[in-house]
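*Asks:* Following this message is one structure expressed as structure tokens.
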Amino acid sequence: MTWGHLVHIAYGIPLTLALTGGAFFVGAVLGFPIMLLRESSFMPLKVAMIAIIAFIRALPPILWVFLLYFGIGTGLINLSPFVAAVAAFGIIAAVNMAEIYRGGMVSISAGQWEAAHALNLSRLSIWRDVMAPQMVRVALPPSATYVIGLMKDSAIASTIGVAELAYRGKQVSQMSFEGLLPFTVVGACYIALSLPVAWLSRTAERKLRAKVAR
Amino acid sequence: MAYDLDVARMKALSPSPLGAPSASGSPAPEPSRPVIKLDHLSKSFGTFQALQDINLSVLQGDVLAIIGPSGSGKSTLLRCINWLEPANSGRITVGDLSLDCSKPVGKEQITTLRRQLGMVFQSFNLFPHMTVLRNVSLAQERTLGRSRREADEVSMGLLERVGLADKAHQYPVRCSGGQQQRIAIARALALDPKVMLFDEPTSALDPELGLEVLAVMRELASSGMTMIVVTHEMGFAENVSEHTMIMADGQILEYGPSREVIRNPQTERARRFLRAVNDR
């Protein structure tokens, strides 16, 4: 393995990050309305959402990647491997984030809603001023754990040819006829990428908690 | 006794001895007119009849204590008045607004209703992620359209009034239960309500902390605020509130001047309840 090989692997880092970030962004944004529908007081809608969430979570991620890339991406509309992978992971992230948000919402006592209503706050204000800031505090640690898991799962995108870390690791191992070293380097990259996420989450959590905890 | 005189004297002095720093002090309507009127109000949860045909008038400046055993419907009554719990039938009249509970009621009407009512909860329900000042200011900005500066000015005045101006920039968890409840009172007062509703405001507090909350409520009563107080504090009911109402099983057992109702109840059920309270 040469320096050139190392650089070749390193070029996978931005793609792994883009894949993870893109999918998490899709999930974090879509997760919120999904959570609201899941918590709807209209029973048929609620039941349908529970079923859809369970279904999406039940299938292995690689299947969603194949479904979107080979199923939709090559048949119906033209999707690049990268877009198909972001979409697949984004869908999975959305239902998982919905559940994380729900955990955050359930943790807020009914008294907070009642106080907000008694103070005549509008629906928008209740969400923006009262609920969301409290939900974020509860949802932050599991979200960070989820991002790290998502980054590791993003290696699956290599199966449809997205040239991220795992994909390039495999290329280098084939070029250099070495197995151990290239994949060790890839592994080290994943660890190095997760550390700042974990650190950021802990720091943010500590800062937010310090204000509201005894 | 001496304490009663105190309240009477404070009332005679001025309508607001400490002066609520409100921008729009609501002009007192003629004293004979009820601020709150309930006609045939009923509420059930499934098959459980929580309130049965409640009729009640509360006059301007009146302080009404509602006492009674748990599950008698006291809290439900308060929660129906500000629509946290929609009643099934009957009529709620607050000021100029009259709502028929058996018909669908629009959002604006509920807003108009709640605008006139301040609510204080047993468990305070302050927003834990906001400073004390922000807790008091938020709804003023969002619902009354006050600027941040105006709202904060009003808030500081009210925090001063409840004796907690020094806590303005703390978070609620740094305050004792009694302090949190006084902040909750300031938060409700900040919206210039016509009537203050208290749902067992001291029940979650130890006796000493309860006292500081009761002191604030006493001051509020003597400033002429119309108040409905669900409580187990017999001292407050007897000494501060003009009227006391005893409820059981979703109905009004007794209603009248506090001393008469508490010292000389007419019904056996009320006597039993008061005996249990006094035996403690």
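Derivation of every value follows stated rules applied to the coordinates shown; laboratory data play no part. Since the structure is predicted, the reported quantities are computational estimates derived from the model, not experimental observations. With ideal geometry, Cβ positions are generated from the backbone for all residues, glycine too; neighbour counts draw on all protein chains shown.
*Asks:* Rounded to the nearest 5, what % of the DSSP beta bridges within the protein assembly as shown are antiparallel ones?
*Replies:* Close to 60 percent.
*Asks:* Something else: Collect residues whose amide H, placed 1.01 Å from N in the peptide plane, falls under 5 Å from the amide H of B:Ser89; neighbours closer than 5 in sequence don't count.
*Replies:* Amide H neighbours of B:Ser89, under 5 Å, 5+ apart: B:Ser42.
*Asks:* In debye, nearest 20, what is the charge dipole magnitude of segment A:3-212 about its Cα centre with +1 on Lys and Arg Cβ and -1 on Asp and Glu Cβ, if you could check?
*Replies:* So the dipole magnitude of segment A:3-212 works out to roughly 440 debye.
*Asks:* Can you give the alpha-carbon Rg of segment A:3-212 over 2.2 N^0.38 Å, where N counts its residues?
*Replies:* After normalising by residue count via 2.2 N^0.38 Å, the value is 1.20.
*Asks:* How large is the Rg to Rh ratio of the protein assembly as shown when both quantities use alpha carbon positions and Rh follows Kirkwood?
*Replies:* Here Rg/Rh amounts to 1.14.
*Asks:* What size of dipole, in debye to the nearest 20, comes out for chain B about its Cα centre when the only charges are +1 on Lys and Arg C-beta atoms and -1 on Asp and Glu C-beta atoms?
*Replies:* Rounded to the nearest 20 debye, it is 460 debye.
*Asks:* Specify whether the C-alpha gyration tensor of segment B:126-192 places it in the rounded, prolate or oblate class, a ≥ b ≥ c being the square roots of the eigenvalues: rounded for a/c under 1.5, otherwise prolate if a/b is larger than b/c and oblate if not.
*Replies:* Here segment B:126-192 falls in the prolate category.
*Asks:* With a point put 7 Å past each Cα toward its Cβ, work out how far B:Asn264 is from A:Lys152 in nm, to one decimal.
*Replies:* Simple spin-label model gives 7.9 nm for this pair.
*Asks:* Using modelled backbone amide H atoms (1.01 Å from N, in-plane), which distant-in-sequence or interchain residues come within less than 5 Å of B:Val229's amide H?
*Replies:* The answer is B:Leu64, B:Ala65, B:Ile66, B:Phe198.
*Asks:* What residue among A:Thr2, A:Trp113, A:Val47 has its Cα farthest toward the positive end of the dipole of chain A, where the charges are +1 on Lys, Arg and -1 on Asp, Glu, each on the Cβ?
*Replies:* Farthest along the dipole direction, towards plus: A:Trp113.
*Asks:* Take each uninterrupted DSSP H stretch in chain B, measure its Cα extent along the helix axis, and return the ones at 15 Å or beyond whose mean Kyte-Doolittle hydropathy is at least -1.0.
*Replies:* B:2-13, B:132-144, B:148-161, B:177-189, B:207-222
*Asks:* Additional query: Check B:Gly250: other-chain or 5+ apart residues with amide H under 5 Å from its amide H, H built from backbone geometry?
*Replies:* Here the answer is B:Gly73, since their amide H atoms fall under 5 Å of that of B:Gly250.
*Asks:* If you count, for every residue in A:108-117, the Cβ atoms of partner chains within 10 Å of its Cβ, what is the mean?
*Replies:* That average works out to 5.
*Asks:* Compute the distance in nm between two label points, each set 7 Å from the Cα along the Cα-to-Cβ direction, one at B:Gln49 and one at B:Arg280.
*Replies:* Spacing of the two 7 Å Cα→Cβ label points: 2.8 nm.
*Asks:* Peptide B:128-141: average number of partner chain Cβ atoms within 10 Å per residue?
*Replies:* The shielding value for this peptide is 3.
*Asks:* Right, here's the next one. With the dipole of the protein assembly as shown worked out from charges on the C-beta (+1 for Lys and Arg, -1 for Asp and Glu) around the Cα centre, which of B:Leu117, A:Phe70, B:Ser75 lies farthest toward the positive end?
*Replies:* A:Phe70
*Asks:* Under the rule of -39500 (n - 2.57) per DSSP H run of 4 or more residues, summed and divided by the residues of the protein assembly as shown, what mean residue ellipticity at 222 nm is obtained, to the nearest 500 deg cm²/dmol?
*Replies:* Calculated at 222 nm, the ellipticity per residue is -17500 deg cm²/dmol.
*Asks:* Counting only other chains, and only Cβ atoms inside 10 Å, what mean value do you get across the residues of A:123-132?
*Replies:* 2
*Asks:* Looking at segment A:52-161, which trypsin sites (Lys or Arg not before Pro) are in a loop (DSSP not H, G, I, E or B) and have at most 16 other Cβ atoms within 10 Å?
*Replies:* For trypsin sites (Lys or Arg not before Pro) across segment A:52-161 that sit outside H, G, I, E and B with at most 16 neighbouring Cβ atoms in 10 Å, the list is empty.
*Asks:* Just to confirm my numbers, what's the Cα centroid distance between segment B:197-237 and segment A:137-204 in Å?
*Replies:* Going from one Cα centre to the other spans 59 Å.
*Asks:* Okay, next question. Quick one: Karplus J couplings for segment B:256-265, per residue in order, coefficients 6.51, -1.76, 1.60, θ = phi - 60°, nearest Hz, x for Gly and Pro?
*Replies:* Whole-Hz 3J(HN,Hα) from phi for segment B:256-265: x, x, 3, 4, 4, 5, 7, 7, 9, x.
*Asks:* To check my understanding: the extent here is largest minus smallest coordinate of the Cα atoms along each principal axis. What are those three numbers for segment B:223-280, in Å, largest first?
*Replies:* Between the extreme Cα coordinates on each principal axis of segment B:223-280 lie 35, 24, 17 Å.
*Asks:* For the protein assembly as shown, what is the charge dipole size about the Cα centre, in debye to the nearest 20, if Lys and Arg each add +1 at the Cβ and Asp and Glu each add -1 at the Cβ?
*Replies:* Roughly 920 debye for the protein assembly as shown.
*Asks:* Now for a separate question. Would you mind finding the longest exposed-site-free stretch of chain A, with exposed chymotrypsin sites (Phe, Trp or Tyr not before Pro) meaning DSSP loop and at most 13 other Cβ atoms within 10 Å?
*Replies:* A:43-176
*Asks:* Can you bin segment A:26-67 into rounded, prolate or oblate? Criterion: square roots of the alpha carbon gyration tensor eigenvalues sorted a ≥ b ≥ c, rounded for a/c under 1.5, prolate for a/b above b/c, oblate for the rest.
*Replies:* In terms of gyration-tensor shape, oblate.
*Asks:* Extending each Cα 7 Å along its Cβ direction at A:Trp199 and A:Arg123, get the distance between those two points in nm, one decimal.
*Replies:* 4.3 nm
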